[in-house]
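The values are calculated or read from the model by the stated rules, or taken from the named source; none is laboratory data. Given the structure is predicted, the values throughout are model-derived calculations rather than measurements. We place every Cβ from the backbone using ideal geometry, glycine too, and count neighbours over all the protein chains shown.
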Amino acid sequence: MSAPAEQPRSAKPSRPAPVAPAMDLEALIEDPATRIVVCCGAGGVGKTTTSAALALAAAEAGRTVVVLTIDPARRLAQSLGLEELDNEPRRVDVPEAPGELHAMMLDMKRTFDDIVVAHSTPDRARQILENPFYQSLSSSFSGTQEYMAMEKLGQLRASDQWDLIIVDTPPSRSALDFLDAPNKMGRFLDGTMIRLLAGSGRAGLKFASAGFMFFSKIISKILGGQLLRDISAFVAALDTMFGGFRERATATYELLRRPGTWFVVVATPEPDALREASYFVDRLSAEGMPLAGLVVNRTHPPATTLLSATRAEGAAERVIEADAEGADLAAAALRVHAERMIQAAREQHLADRFTSAHPEVAVRTVPAAAGDVHDLDGLRVMAEELTGPDDDTPTGTPRTRILPARRA
(Lines give C-alpha, C1' and ligand atoms only; values in the text may rest on other atoms or scores of the structure.)
Protein backbone atom coordinates (compact mmCIF):
# COMPACT_ATOMS: atom_id res chain seq x y z
CA MET A 1 0.00 0.00 0.00
CA SER A 2 1.52 3.25 -1.07
CA ALA A 3 1.84 6.24 1.23
CA PRO A 4 -0.71 9.00 0.68
CA ALA A 5 0.42 11.89 -1.41
CA GLU A 6 1.59 14.87 0.64
CA GLN A 7 -0.66 17.92 0.42
CA PRO A 8 1.11 21.05 -0.77
CA ARG A 9 1.25 23.75 1.93
CA SER A 10 -0.66 26.21 -0.22
CA ALA A 11 -3.65 23.82 -0.29
CA LYS A 12 -4.05 23.76 3.49
CA PRO A 13 -7.67 24.71 4.21
CA SER A 14 -8.35 27.78 6.29
CA ARG A 15 -10.19 27.47 9.60
CA PRO A 16 -13.95 28.03 9.29
CA ALA A 17 -15.40 31.01 11.08
CA PRO A 18 -16.91 30.16 14.48
CA VAL A 19 -20.70 30.06 14.48
CA ALA A 20 -22.45 30.88 17.75
CA PRO A 21 -25.76 29.29 18.75
CA ALA A 22 -28.82 31.43 18.10
CA MET A 23 -30.48 33.15 21.09
CA ASP A 24 -34.29 32.96 21.07
CA LEU A 25 -35.26 35.93 23.24
CA GLU A 26 -38.86 35.78 22.03
CA ALA A 27 -39.33 32.30 23.50
CA LEU A 28 -37.49 33.37 26.65
CA ILE A 29 -39.74 36.31 27.53
CA GLU A 30 -42.95 34.52 26.47
CA ASP A 31 -42.22 31.49 28.66
CA PRO A 32 -44.32 31.76 31.88
CA ALA A 33 -41.50 30.01 33.73
CA THR A 34 -39.23 33.00 33.07
CA ARG A 35 -39.71 35.33 36.06
CA ILE A 36 -36.54 37.46 36.10
CA VAL A 37 -34.29 38.70 33.28
CA VAL A 38 -31.13 40.57 34.28
CA CYS A 39 -29.45 42.68 31.59
CA CYS A 40 -25.82 43.26 32.49
CA GLY A 41 -22.57 44.40 30.94
CA ALA A 42 -20.21 47.36 30.83
CA GLY A 43 -21.48 50.94 31.01
CA GLY A 44 -22.63 52.67 27.83
CA VAL A 45 -23.50 49.54 25.81
CA GLY A 46 -27.28 50.06 25.73
CA LYS A 47 -28.41 47.93 28.69
CA THR A 48 -31.19 50.35 29.61
CA THR A 49 -32.69 50.49 26.12
CA THR A 50 -32.32 46.72 25.75
CA SER A 51 -34.12 46.18 29.06
CA ALA A 52 -36.97 48.53 28.11
CA ALA A 53 -37.33 46.98 24.64
CA LEU A 54 -37.53 43.46 26.08
CA ALA A 55 -40.08 44.65 28.65
CA LEU A 56 -42.23 46.18 25.89
CA ALA A 57 -42.04 42.96 23.86
CA ALA A 58 -43.05 40.96 26.94
CA ALA A 59 -46.07 43.18 27.60
CA GLU A 60 -47.15 42.87 23.97
CA ALA A 61 -46.80 39.10 24.36
CA GLY A 62 -49.26 39.16 27.29
CA ARG A 63 -46.93 39.28 30.29
CA THR A 64 -47.41 41.54 33.32
CA VAL A 65 -43.91 43.01 33.44
CA VAL A 66 -41.99 45.63 35.38
CA VAL A 67 -38.66 47.00 34.22
CA LEU A 68 -36.29 48.32 36.89
CA THR A 69 -33.80 50.78 35.45
CA ILE A 70 -31.03 52.87 36.95
CA ASP A 71 -30.76 55.34 34.04
CA PRO A 72 -31.67 58.84 35.29
CA ALA A 73 -31.96 60.24 31.75
CA ARG A 74 -35.39 61.71 31.07
CA ARG A 75 -35.36 60.39 27.51
CA LEU A 76 -36.09 56.86 28.76
CA ALA A 77 -39.17 58.04 30.65
CA GLN A 78 -40.22 60.00 27.58
CA SER A 79 -39.77 56.98 25.33
CA LEU A 80 -42.18 55.13 27.61
CA GLY A 81 -44.68 57.99 27.49
CA LEU A 82 -44.11 59.04 31.11
CA GLU A 83 -43.26 62.43 32.57
CA GLU A 84 -40.72 60.88 34.94
CA LEU A 85 -39.66 57.65 36.61
CA ASP A 86 -39.14 57.18 40.34
CA ASN A 87 -38.74 54.48 42.98
CA GLU A 88 -42.31 53.20 42.58
CA PRO A 89 -43.53 51.28 39.50
CA ARG A 90 -45.60 53.39 37.10
CA ARG A 91 -47.99 51.96 34.52
CA VAL A 92 -46.96 52.56 30.90
CA ASP A 93 -49.76 52.96 28.40
CA VAL A 94 -49.17 50.42 25.62
CA PRO A 95 -52.22 50.56 23.32
CA GLU A 96 -53.79 47.20 22.48
CA ALA A 97 -51.15 45.23 24.40
CA PRO A 98 -52.66 42.12 26.02
CA GLY A 99 -50.25 42.44 28.95
CA GLU A 100 -49.13 45.26 31.22
CA LEU A 101 -45.90 47.25 31.30
CA HIS A 102 -44.69 49.05 34.42
CA ALA A 103 -41.42 50.96 34.77
CA MET A 104 -39.41 52.38 37.65
CA MET A 105 -36.05 53.99 38.27
CA LEU A 106 -33.98 52.98 41.27
CA ASP A 107 -33.67 55.65 43.96
CA MET A 108 -30.70 54.36 45.92
CA LYS A 109 -31.18 56.45 49.06
CA ARG A 110 -34.94 56.00 49.23
CA THR A 111 -34.55 52.23 48.93
CA PHE A 112 -32.01 52.25 51.77
CA ASP A 113 -34.34 54.43 53.86
CA ASP A 114 -37.22 52.01 53.26
CA ILE A 115 -35.06 49.14 54.53
CA VAL A 116 -34.24 51.03 57.72
CA VAL A 117 -37.91 51.87 58.36
CA ALA A 118 -39.12 48.35 57.60
CA HIS A 119 -36.59 46.56 59.79
CA SER A 120 -36.31 48.71 62.91
CA THR A 121 -38.48 50.46 65.48
CA PRO A 122 -39.62 54.05 64.80
CA ASP A 123 -37.14 55.50 67.32
CA ARG A 124 -34.26 53.42 65.99
CA ALA A 125 -35.17 54.30 62.41
CA ARG A 126 -35.16 58.03 63.25
CA GLN A 127 -31.71 57.72 64.85
CA ILE A 128 -30.33 55.99 61.78
CA LEU A 129 -31.94 58.26 59.19
CA GLU A 130 -30.70 61.42 60.95
CA ASN A 131 -27.17 60.10 61.41
CA PRO A 132 -24.64 62.01 59.21
CA PHE A 133 -22.59 58.87 58.53
CA TYR A 134 -25.70 56.99 57.34
CA GLN A 135 -26.67 59.89 55.08
CA SER A 136 -23.28 59.71 53.41
CA LEU A 137 -23.28 55.91 53.23
CA SER A 138 -26.77 55.68 51.73
CA SER A 139 -26.07 58.15 48.93
CA SER A 140 -22.44 57.77 47.93
CA PHE A 141 -20.77 54.70 49.45
CA SER A 142 -19.06 52.48 46.87
CA GLY A 143 -21.25 49.48 46.07
CA THR A 144 -24.43 50.89 47.61
CA GLN A 145 -26.15 51.40 44.25
CA GLU A 146 -25.45 47.83 43.17
CA TYR A 147 -26.63 46.48 46.53
CA MET A 148 -29.83 48.53 46.44
CA ALA A 149 -30.60 47.31 42.91
CA MET A 150 -30.41 43.76 44.29
CA GLU A 151 -32.50 44.76 47.32
CA LYS A 152 -35.21 46.29 45.12
CA LEU A 153 -35.22 43.18 42.94
CA GLY A 154 -35.89 41.07 46.03
CA GLN A 155 -38.76 43.35 47.04
CA LEU A 156 -40.36 43.22 43.59
CA ARG A 157 -40.12 39.44 43.43
CA ALA A 158 -41.55 39.03 46.93
CA SER A 159 -44.62 41.13 46.06
CA ASP A 160 -45.61 38.64 43.32
CA GLN A 161 -47.48 41.45 41.54
CA TRP A 162 -45.61 40.92 38.26
CA ASP A 163 -44.99 37.67 36.45
CA LEU A 164 -41.82 39.06 34.83
CA ILE A 165 -39.18 41.43 36.22
CA ILE A 166 -36.49 42.85 33.94
CA VAL A 167 -33.51 44.44 35.65
CA ASP A 168 -31.15 46.96 34.10
CA THR A 169 -28.02 46.63 36.21
CA PRO A 170 -26.14 49.73 37.43
CA PRO A 171 -23.27 51.08 35.32
CA SER A 172 -19.96 50.29 36.96
CA ARG A 173 -16.33 50.05 36.00
CA SER A 174 -16.60 46.29 36.30
CA ALA A 175 -19.67 44.25 35.40
CA LEU A 176 -18.76 41.95 38.27
CA ASP A 177 -19.68 44.62 40.84
CA PHE A 178 -23.37 43.76 40.57
CA LEU A 179 -22.79 40.18 41.73
CA ASP A 180 -20.27 41.21 44.39
CA ALA A 181 -22.36 44.01 45.90
CA PRO A 182 -24.44 42.04 48.44
CA ASN A 183 -21.43 40.30 49.92
CA LYS A 184 -19.40 43.52 49.92
CA MET A 185 -22.16 45.37 51.78
CA GLY A 186 -22.56 42.51 54.25
CA ARG A 187 -18.82 42.33 54.89
CA PHE A 188 -18.64 46.09 55.39
CA LEU A 189 -21.52 46.27 57.84
CA ASP A 190 -20.34 43.21 59.77
CA GLY A 191 -16.62 43.86 59.47
CA THR A 192 -14.14 43.87 62.33
CA MET A 193 -13.19 47.51 61.73
CA ILE A 194 -16.80 48.67 61.93
CA ARG A 195 -17.34 46.61 65.07
CA LEU A 196 -14.28 48.16 66.68
CA LEU A 197 -15.43 51.63 65.69
CA ALA A 198 -18.85 50.87 67.11
CA GLY A 199 -17.30 49.57 70.30
CA SER A 200 -15.33 52.76 70.78
CA GLY A 201 -18.52 54.49 71.85
CA ARG A 202 -19.85 51.82 74.20
CA ALA A 203 -19.62 52.02 77.95
CA GLY A 204 -18.92 48.31 78.08
CA LEU A 205 -15.46 48.95 76.71
CA LYS A 206 -14.39 51.45 79.35
CA PHE A 207 -12.03 48.79 80.70
CA ALA A 208 -10.64 48.06 77.23
CA SER A 209 -6.98 47.29 76.85
CA ALA A 210 -4.42 50.02 76.56
CA GLY A 211 -3.70 48.80 73.01
CA PHE A 212 -7.31 49.31 71.93
CA MET A 213 -7.47 52.75 73.55
CA PHE A 214 -4.30 53.72 71.70
CA PHE A 215 -5.85 52.42 68.43
CA SER A 216 -9.04 54.41 69.12
CA LYS A 217 -7.07 57.64 69.63
CA ILE A 218 -5.23 57.16 66.32
CA ILE A 219 -8.48 56.49 64.43
CA SER A 220 -10.05 59.52 66.09
CA LYS A 221 -7.19 61.72 64.88
CA ILE A 222 -7.43 60.31 61.34
CA LEU A 223 -11.21 60.45 60.98
CA GLY A 224 -11.97 63.27 63.36
CA GLY A 225 -13.72 62.90 66.67
CA GLN A 226 -17.18 63.86 65.40
CA LEU A 227 -17.06 61.45 62.46
CA LEU A 228 -15.93 58.65 64.75
CA ARG A 229 -18.86 59.37 67.08
CA ASP A 230 -21.25 59.42 64.08
CA ILE A 231 -19.97 56.03 62.91
CA SER A 232 -20.24 54.60 66.42
CA ALA A 233 -23.81 55.85 66.83
CA PHE A 234 -24.74 54.58 63.35
CA VAL A 235 -23.44 51.06 63.90
CA ALA A 236 -24.93 50.88 67.39
CA ALA A 237 -28.34 51.83 65.95
CA LEU A 238 -27.95 49.29 63.13
CA ASP A 239 -26.87 46.51 65.48
CA THR A 240 -30.20 44.70 65.36
CA MET A 241 -30.27 44.90 61.56
CA PHE A 242 -26.99 43.11 60.82
CA GLY A 243 -28.64 39.72 60.55
CA GLY A 244 -31.27 41.14 58.22
CA PHE A 245 -28.66 42.55 55.87
CA ARG A 246 -26.86 39.23 55.70
CA GLU A 247 -30.04 37.23 55.25
CA ARG A 248 -31.39 39.44 52.47
CA ALA A 249 -28.04 39.54 50.71
CA THR A 250 -27.92 35.73 50.73
CA ALA A 251 -31.58 35.37 49.69
CA THR A 252 -31.22 37.81 46.77
CA TYR A 253 -28.05 36.14 45.59
CA GLU A 254 -29.75 32.74 45.67
CA LEU A 255 -32.74 34.21 43.83
CA LEU A 256 -30.46 34.85 40.87
CA ARG A 257 -29.52 31.16 40.72
CA ARG A 258 -33.04 29.73 40.80
CA PRO A 259 -34.83 28.34 37.75
CA GLY A 260 -36.77 31.13 36.05
CA THR A 261 -33.92 33.67 36.25
CA TRP A 262 -31.86 34.43 33.15
CA PHE A 263 -28.92 36.74 32.53
CA VAL A 264 -28.56 38.57 29.23
CA VAL A 265 -25.10 40.05 28.75
CA VAL A 266 -25.06 43.19 26.58
CA ALA A 267 -21.98 44.51 24.78
CA THR A 268 -21.04 46.61 21.79
CA PRO A 269 -18.63 45.33 19.11
CA GLU A 270 -15.69 47.01 20.81
CA PRO A 271 -12.70 45.31 22.48
CA ASP A 272 -13.28 46.67 26.00
CA ALA A 273 -17.01 45.92 26.04
CA LEU A 274 -16.55 42.37 24.76
CA ARG A 275 -13.70 41.81 27.20
CA GLU A 276 -16.02 42.85 30.03
CA ALA A 277 -18.72 40.56 28.63
CA SER A 278 -16.25 37.69 28.58
CA TYR A 279 -15.37 38.26 32.25
CA PHE A 280 -19.05 38.29 33.16
CA VAL A 281 -19.75 35.06 31.23
CA ASP A 282 -16.91 33.35 33.08
CA ARG A 283 -18.19 34.61 36.43
CA LEU A 284 -21.77 33.51 35.75
CA SER A 285 -20.51 30.08 34.78
CA ALA A 286 -18.39 29.82 37.92
CA GLU A 287 -21.35 30.83 40.10
CA GLY A 288 -23.75 28.43 38.39
CA MET A 289 -26.05 31.23 37.21
CA PRO A 290 -28.19 30.79 34.07
CA LEU A 291 -26.97 32.65 31.00
CA ALA A 292 -29.36 33.25 28.11
CA GLY A 293 -26.63 34.65 25.88
CA LEU A 294 -24.88 37.73 24.55
CA VAL A 295 -26.51 40.68 22.78
CA VAL A 296 -23.97 42.45 20.55
CA ASN A 297 -25.61 45.86 20.31
CA ARG A 298 -25.05 48.74 17.86
CA THR A 299 -23.55 46.70 15.03
CA HIS A 300 -23.19 48.06 11.48
CA PRO A 301 -24.25 45.42 8.94
CA PRO A 302 -23.98 46.47 5.28
CA ALA A 303 -27.01 46.83 3.01
CA THR A 304 -25.69 43.93 0.94
CA THR A 305 -22.94 41.37 1.49
CA LEU A 306 -22.62 40.47 -2.21
CA LEU A 307 -20.10 43.25 -2.94
CA SER A 308 -16.83 43.12 -1.01
CA ALA A 309 -15.00 46.23 0.16
CA THR A 310 -12.17 45.60 -2.32
CA ARG A 311 -14.54 45.23 -5.27
CA ALA A 312 -16.51 48.31 -4.20
CA GLU A 313 -13.32 50.40 -4.05
CA GLY A 314 -12.27 49.12 -7.47
CA ALA A 315 -15.67 49.87 -8.94
CA ALA A 316 -15.55 53.39 -7.52
CA GLU A 317 -12.23 54.01 -9.28
CA ARG A 318 -13.59 52.70 -12.59
CA VAL A 319 -16.71 54.86 -12.29
CA ILE A 320 -14.58 57.97 -11.72
CA GLU A 321 -12.36 57.08 -14.70
CA ALA A 322 -15.44 56.66 -16.93
CA ASP A 323 -16.39 60.27 -16.12
CA ALA A 324 -20.08 59.62 -16.90
CA GLU A 325 -22.98 61.69 -15.59
CA GLY A 326 -23.52 61.04 -11.90
CA ALA A 327 -20.11 59.37 -11.54
CA ASP A 328 -19.17 61.30 -8.40
CA LEU A 329 -22.39 60.28 -6.63
CA ALA A 330 -22.07 56.63 -7.67
CA ALA A 331 -18.42 56.51 -6.60
CA ALA A 332 -19.27 58.07 -3.24
CA ALA A 333 -21.99 55.45 -2.66
CA LEU A 334 -19.57 52.65 -3.51
CA ARG A 335 -16.96 54.04 -1.11
CA VAL A 336 -19.53 54.34 1.69
CA HIS A 337 -20.38 50.67 1.13
CA ALA A 338 -16.68 49.78 1.20
CA GLU A 339 -16.25 51.60 4.52
CA ARG A 340 -19.33 49.85 5.92
CA MET A 341 -17.99 46.45 4.85
CA ILE A 342 -14.63 47.18 6.50
CA GLN A 343 -16.36 48.27 9.72
CA ALA A 344 -18.64 45.21 9.67
CA ALA A 345 -15.66 42.92 9.09
CA ARG A 346 -13.86 44.47 12.07
CA GLU A 347 -16.92 44.04 14.27
CA GLN A 348 -17.43 40.46 13.10
CA HIS A 349 -13.79 39.67 13.84
CA LEU A 350 -14.24 40.87 17.43
CA ALA A 351 -17.48 38.88 17.79
CA ASP A 352 -15.73 35.79 16.37
CA ARG A 353 -13.00 36.12 18.97
CA PHE A 354 -15.64 36.08 21.70
CA THR A 355 -17.36 33.03 20.17
CA SER A 356 -14.03 31.22 19.83
CA ALA A 357 -13.48 31.69 23.57
CA HIS A 358 -17.12 30.91 24.48
CA PRO A 359 -18.51 28.60 21.74
CA GLU A 360 -21.45 27.57 23.93
CA VAL A 361 -22.79 31.11 24.43
CA ALA A 362 -25.76 32.06 22.24
CA VAL A 363 -25.47 35.40 20.39
CA ARG A 364 -27.91 37.96 18.99
CA THR A 365 -26.64 40.96 17.03
CA VAL A 366 -28.67 44.20 16.99
CA PRO A 367 -27.97 46.93 14.39
CA ALA A 368 -27.36 50.48 15.55
CA ALA A 369 -30.42 52.72 15.44
CA ALA A 370 -30.38 55.80 13.23
CA GLY A 371 -30.79 58.02 16.32
CA ASP A 372 -31.69 57.93 19.99
CA VAL A 373 -34.74 55.91 20.97
CA HIS A 374 -37.28 58.53 22.06
CA ASP A 375 -40.70 56.83 21.90
CA LEU A 376 -42.49 53.49 22.05
CA ASP A 377 -42.14 53.05 18.28
CA GLY A 378 -38.35 53.27 18.62
CA LEU A 379 -38.39 50.73 21.45
CA ARG A 380 -40.63 48.48 19.36
CA VAL A 381 -38.14 48.53 16.47
CA MET A 382 -35.36 47.45 18.82
CA ALA A 383 -37.63 44.81 20.36
CA GLU A 384 -38.20 43.36 16.89
CA GLU A 385 -34.44 43.18 16.34
CA LEU A 386 -34.04 41.41 19.68
CA THR A 387 -36.88 38.92 19.27
CA GLY A 388 -37.31 38.49 15.50
CA PRO A 389 -36.64 35.18 13.67
CA ASP A 390 -32.95 34.42 13.42
CA ASP A 391 -32.79 34.41 9.61
CA ASP A 392 -35.31 37.20 8.89
CA THR A 393 -32.91 39.98 7.89
CA PRO A 394 -32.57 42.12 4.73
CA THR A 395 -29.42 40.28 3.65
CA GLY A 396 -30.43 36.85 4.93
CA THR A 397 -27.50 36.86 7.35
CA PRO A 398 -28.55 35.14 10.59
CA ARG A 399 -28.98 37.48 13.55
CA THR A 400 -26.17 35.64 15.29
CA ARG A 401 -23.78 37.42 12.95
CA ILE A 402 -23.00 40.75 11.29
CA LEU A 403 -21.58 39.19 8.11
CA PRO A 404 -22.16 35.69 6.73
CA ALA A 405 -19.83 33.01 8.03
CA ARG A 406 -17.05 32.10 5.62
CA ARG A 407 -16.65 28.36 5.28
CA ALA A 408 -13.47 26.51 4.48
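The set of residues from the range 270-290 being assigned to a loop (DSSP other than H, G, I, E, B) and under 15 Å from the mean Cα position of the chain (by Cα) comprises Met289, Pro290.
Within the range 294-338, being surrounded by 15 or more Cβ atoms within 10 Å (Cβ to Cβ), free of Cβ contacts under 8 Å to residues at least 24 places away in the same chain and under 35 Å from the mean Cα position of the chain (by Cα) holds for no residue.
Among the criteria (1) in contact with a Lys or Arg (Cβ under 8 Å, 6 or more places away or on another chain); (2) under 20 Å from Leu164 (Cα atoms); (3) assigned to a loop (DSSP other than H, G, I, E, B); (4) not aliphatic (A, V, I, L, M), the one Gly293 does not fulfil is (3).
Go through the range 114-160 and give me each residue that's of a type in the set (Val, Ile, Thr), crowded, with 17+ Cβ neighbours inside 10 Å and either touching an Asp or Glu at 6+ places or on another chain (Cβ under 6 Å) or farther than 18 Å from Leu255 by Cβ (or both). Give the derivation first.
Filtering the range 114-160 down to residues of a type in the set (Val, Ile, Thr) leaves 115-117, 121, 128, 144.
Checking the rest, the ones that are also crowded, with 17+ Cβ neighbours inside 10 Å come to 115-116, 128, 144.
Answer for the range 114-160, where residues must be of a type in the set (Val, Ile, Thr), crowded, with 17+ Cβ neighbours inside 10 Å and either touching an Asp or Glu at 6+ places or on another chain (Cβ under 6 Å) or farther than 18 Å from Leu255 by Cβ (or both): Val116, Ile128, Thr144.
Cβ separations smaller than 6 Å between residues 6+ apart or across chains give the following pairs from the range 266-283 residues that are under 20 Å from Ser51 (Cβ atoms) to residues that are of a type in the set (D, E, K, R) and in a helix (DSSP H, G or I): Val266/Lys47; Pro269/Glu347. Does at least one position in the range 390-398 carry a residue that is over 20 Å from Leu274 (Cβ atoms) and hydroxyl-bearing (Ser, Thr, Tyr)? Yes, some residue in the range 390-398 is over 20 Å from Leu274 (Cβ atoms) and hydroxyl-bearing (Ser, Thr, Tyr). Residues that are at pLDDT 95 or above, of a type outside the set (Lys, Arg) and more than 14 Å from Met105 (Cα to Cα) number at least 2 in the following helices (runs of 4 or more DSSP H) confined to the range 17-85: 25-30, 47-60. Residues Ala322, Ala233, Ala237: which one is modelled with pLDDT of 75 or more and aliphatic (A, V, I, L, M)? Of Ala322, Ala233, Ala237, the one residue that is modelled with pLDDT of 75 or more and aliphatic (A, V, I, L, M) is Ala322.
Among the residues of the range 279-317, those that are polar (S, T, N, Q) and either over 26 Å from Ala383 (Cα atoms) or at pLDDT 95 or above (or both) comprise Ser285, Asn297, Thr299, Ser308, Thr310. Where residues in the range 378-408 are without any contact (Cβ under 8 Å) to a residue 60 or more places away in the chain and in a loop (DSSP other than H, G, I, E, B), which of them is nearest to Arg340 (Cα to Cα)? By that ranking, first place goes to Gly396. Residues in the range 392-407 that are β-branched (Val, Ile, Thr) and crowded, with 16+ Cβ neighbours inside 10 Å were compared, and the one that is farthest from Leu350 (Cα to Cα) is Thr393.
For the subset of the range 150-173 comprising residues that are touching a helix residue (DSSP H, G or I) at 6+ places or on another chain (Cβ under 7 Å) and small (Gly, Ala, Ser), which member is modelled with the lowest pLDDT? By that ranking, first place goes to Ser172.
Residues in the range 359-377 that are more than 16 Å from Ala17 (Cα to Cα) and in a loop (DSSP other than H, G, I, E, B): Ala368, Ala369, Ala370, Gly371, Asp372, Val373, His374, Asp375. Quick one: is Ser120 of a type in the set (Gly, Ala, Ser) and under 27 Å from the mean Cα position of the chain (by Cα)? Answer is no for this residue.
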